[in-house]
Amino acid sequence: MVPWNKGLKGAQVGWNKGLGKKKISISCKCGCEEMTALGSVYISGHNTRGRISSPESIKKRTEKVLGQKRPNGNWNPWSTGLTTKNNETVRKLGRSISKTMKRKFKYDKEFLLDFRKARDASPNKLEIFMNELLQDMFPNEWKFVGDFDTFIGGKCPDFINVNGRKQIIEVFGNYWHKKEDIKTRTDHFKQYGFDTLVIWENDINKNLSKVKSKLVSYSRK
């Protein structure tokens, strides 16, 4: 019987070289419903969820990775240069995370408390000024909730009317917001029956009388 490889010399190329499975992003197998990195079945660290590790094993893992860094400091090298605009996987990942976070913000009170503590949420100078202005003009009608106190459909407004009206006031800092953000926020809260008034930092600093007029008109709606 003649061996199948008779006459063949050197390293042989496997018949299935290059025919491996296509790497895709899937829902993490731990059940968290978040999307994994390409080719993975778990998000990093999720494969040990629910397991109780001994102090010795934790110490070994810590020492193993101590001082290590990913290429260029990027902890997700597969997504370098990819955005929701140019890559479908990143879009799916973003949508999945968004849905998961909305559910947490809407139903998980313990998560909300932990989130607020982690962010050390407190009003900034602009929000403090607006709160004082609202309490002076409309005592006990408005409450500051921008410290993650209240979420409406997964988004947290700055001020909400507590006198029976479904009204919201958003205070936009010039550095953090663009004009397009107005439509995004107002459309979102409108789905839940809320009217939204946006006050810009620039108007507060340069034309406070205009801001007061807007607030008075808004309160009479």
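The values are calculated or read from the model by the stated rules, or taken from the named source; none is laboratory data. Owing to the predicted nature of the structure, the values given are computational and were not obtained by experimental measurement. No Cβ is skipped: glycine too gets one built from the backbone with ideal geometry, and neighbour counts run over all protein chains shown.
State whether the residues of the range 189-206 include one that is in a helix (DSSP H, G or I) and either among the basic types (Lys, Arg) or farther than 19 Å from residue 134 by Cβ (or both). Before the answer, list the steps.
Of the range 189-206, the ones in a helix (DSSP H, G or I) are 189-190, 201-206.
If we keep only those that are either among the basic types (Lys, Arg) or farther than 19 Å from residue 134 by Cβ (or both) too, we end up with 190, 206.
Within the range 189-206, one or more residues are in a helix (DSSP H, G or I) and either among the basic types (Lys, Arg) or farther than 19 Å from residue 134 by Cβ (or both).
Quick one: in the range 40-54, of everything that is modelled with pLDDT under 75 and in a loop (DSSP other than H, G, I, E, B), which residue is surrounded by the most Cβ atoms within 10 Å (Cβ to Cβ)?
Residues of the range 40-54 modelled with pLDDT under 75: 44-45, 48-53.
Subset that is in a loop (DSSP other than H, G, I, E, B): 44-45, 49-53.
Details: 44: 11, 45: 8, 49: 13, 50: 8, 51: 7, 52: 6, 53: 11.
By that ranking, first place goes to 49.
Yes/no matrix, rows are residues, columns are (1) within 14 Å of the chain's Cα centre (by Cα); (2) modelled with pLDDT of 70 or more; (3) under 23 Å from residue 154 (Cβ atoms); (4) assigned to a helix (DSSP H, G or I):
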site: 33; (1), (2), (3), (4): no, no, yes, no
site: 38; (1), (2), (3), (4): no, yes, no, no
site: 56; (1), (2), (3), (4): no, yes, no, yes
site: 62; (1), (2), (3), (4): no, yes, no, yes
site: 75; (1), (2), (3), (4): no, no, no, no
site: 78; (1), (2), (3), (4): no, no, no, yes
site: 89; (1), (2), (3), (4): no, yes, yes, yes
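Out of 209, 213, which single residue is surrounded by fewer than 11 Cβ atoms within 10 Å (Cβ to Cβ) and not in a loop (DSSP other than H, G, I, E, B)? Step through it out loud before you land on a result.
Working: 213 fails: surrounded by fewer than 11 Cβ atoms within 10 Å (Cβ to Cβ).
Checking each option against the conditions leaves just 209.
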